[in-house]
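Derivation of every value follows stated rules applied to the coordinates shown; laboratory data play no part. Computed from a predicted model, the values in this text were never measured in an experiment. We place every Cβ from the backbone using ideal geometry, glycine too, and count neighbours over all the protein chains shown.
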Amino acid sequence: MAGPSTDPAAAAFSDPPPNAFAPVPGCRLCAALEAVAVAGWRGEDGLTPRDWLSVTASGMLHRMADHRLQPLPPHR
């Protein structure tokens, strides 16, 4: 499997958009959802952007239902 791209243009797209799921610090479920979402965004482990979108939506729902927070922090 190839390593990360050294192309600066590709590096600009290596991280998900800043308006995506924002995990709650200290929450293990949030951390797991974020890890899977990032892997989907980057196309790692056989995941695809479709997986990123699905997991990001699940993360936002978890933030609202379990933490009683808005899907994204107001400052993002």
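Between the residues V38, W52, F21, the greatest Cα displacement towards the positive end of the dipole of the stretch 21-76, with unit charges on the Cβ of Lys, Arg, Asp and Glu, is found for F21.
Got the relative contact order for the stretch 21-76 handy, in percent, Cα pairs under 8 Å and 6 or more residues apart?
Averaging sequence separation for qualifying contacts and normalising by length gives 35 percent for the stretch 21-76.
Based on the Kirkwood approach, the hydrodynamic radius assigned to the stretch 21-76 is 11.2 Å, with every pair of different Cα atoms included.
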